[in-house]
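Participant: Let me give you the structure first, and then I'll get to my questions.
The values are calculated or read from the model by the stated rules, or taken from the named source; none is laboratory data. As the structure is a prediction and not an experimental result, all values here were calculated from the model. As a convention, Cβ positions derive from the backbone with ideal geometry for all residues, glycine included, and neighbour counts pool all protein chains shown.
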Amino acid sequence: MGLSMTDDVDNLETPESAEQPISDILLNQRYRNYLIGYFKWVSSHEEQRRYQATVPYVHIPNEAFNQWDDYASDRILEHYVEPVFSIEEQQALRDYRAVLNSAAEDTPQMLPPLEQVIATEPWERLRLAAAEALEVFMRRATFDWEAEQFPTN
């Protein structure tokens, strides 16, 4: 006689991290770290090419726009506040968003492959904007993934 599905589920332990939701501070620290990683690859043709080689089935130009929506859509951006996101970093995000929106308007809806898009002015504008945002964020660098750097109590 084998185990039933409920027997299997009853014997599983829930990881401690799944039992308690994380704080807004820690969530923002993690998003901030993701954004730094995003700016690193978008700001560098070499990193874009490396990313493309690592995941050849992903269309990297589309990924630049899709990841931004994942990490910093207008709905999410309003939650990126101090102390995790400095005033200067918040402005860098808004500035980057403006360039991203402008680049999106100046590129075809069906983006060409990476090597073709790299040669375009809108992509270079986006790359430079990512480099500027990265510079702002790297003044304080990445934050801890597990512990709040700005405890509230």
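Participant: Considering only helices (runs of 4 or more DSSP H) fully contained in region 7-72, which possess at least 1 residues that are at pLDDT 95 or above?
Facilitator: 24-42, 45-54, 60-72
Participant: State the number of residues belonging to region 41-69 that are among the hydroxyl-bearing types (Ser, Thr, Tyr) and surrounded by fewer than 16 Cβ atoms within 10 Å (Cβ to Cβ).
Facilitator: Of the residues in region 41-69, 2 are among the hydroxyl-bearing types (Ser, Thr, Tyr) and surrounded by fewer than 16 Cβ atoms within 10 Å (Cβ to Cβ).
Participant: Here is a further query. Condition check: surrounded by fewer than 14 Cβ atoms within 10 Å (Cβ to Cβ), in contact with a helix residue (DSSP H, G or I) (Cβ under 8 Å, 6 or more places away or on another chain) and either among the hydroxyl-bearing types (Ser, Thr, Tyr) or without any contact (Cβ under 8 Å) to a residue 60 or more places away in the chain (or both). Does residue 88 satisfy that?
Facilitator: On the way: surrounded by fewer than 14 Cβ atoms within 10 Å (Cβ to Cβ): yes; in contact with a helix residue (DSSP H, G or I) (Cβ under 8 Å, 6 or more places away or on another chain): yes; either among the hydroxyl-bearing types (Ser, Thr, Tyr) or without any contact (Cβ under 8 Å) to a residue 60 or more places away in the chain (or both): yes.
So residue 88 fits the description; yes.
Participant: Could you please let me know if residue 82 is of a type in the set (D, E, K, R), part of a helix (DSSP H, G or I) and modelled with pLDDT of 95 or more? Can you show your working first?
Facilitator: Working: of a type in the set (D, E, K, R): yes; part of a helix (DSSP H, G or I): no; modelled with pLDDT of 95 or more: yes.
No.
Participant: Let me confirm something: among 75, 97, 127, which residue is within 28 Å of residue 24 (Cα to Cα), surrounded by 12 or more Cβ atoms within 10 Å (Cβ to Cβ) and of a type in the set (Lys, Arg)?
Facilitator: Of 75, 97, 127, the one residue that is within 28 Å of residue 24 (Cα to Cα), surrounded by 12 or more Cβ atoms within 10 Å (Cβ to Cβ) and of a type in the set (Lys, Arg) is 97.
Participant: Quick one: which residue in 106, 95, 144 is touching a residue at least 24 places away in the same chain (Cβ under 8 Å) and farther than 30 Å from residue 21 by Cβ?
Facilitator: Of 106, 95, 144, the one residue that is touching a residue at least 24 places away in the same chain (Cβ under 8 Å) and farther than 30 Å from residue 21 by Cβ is 95.
Participant: Kindly indicate the residue of region 115-134 that is out of contact with any helix residue (DSSP H, G or I) (no Cβ under 6 Å at 6 or more places or on another chain) and small (Gly, Ala, Ser) and also modelled with the highest pLDDT among those meeting that condition. If you could, list the steps in order and put the result at the bottom.
Facilitator: Of the residues in region 115-134, the ones out of contact with any helix residue (DSSP H, G or I) (no Cβ under 6 Å at 6 or more places or on another chain) are 115-116, 119-121, 124, 127-128, 131-132.
Now drop any that are not small (Gly, Ala, Ser), which leaves 119, 131.
On the way: 119: 91, 131: 98.
Top of the filtered list is 131.
Participant: Which residue, of 99, 117, 55, is in contact with a Ser or Thr (Cβ under 8 Å, 6 or more places away or on another chain) and over 24 Å from residue 144 (Cβ atoms)?
Facilitator: Of the residues listed, the single one that is in contact with a Ser or Thr (Cβ under 8 Å, 6 or more places away or on another chain) and over 24 Å from residue 144 (Cβ atoms) is 117.
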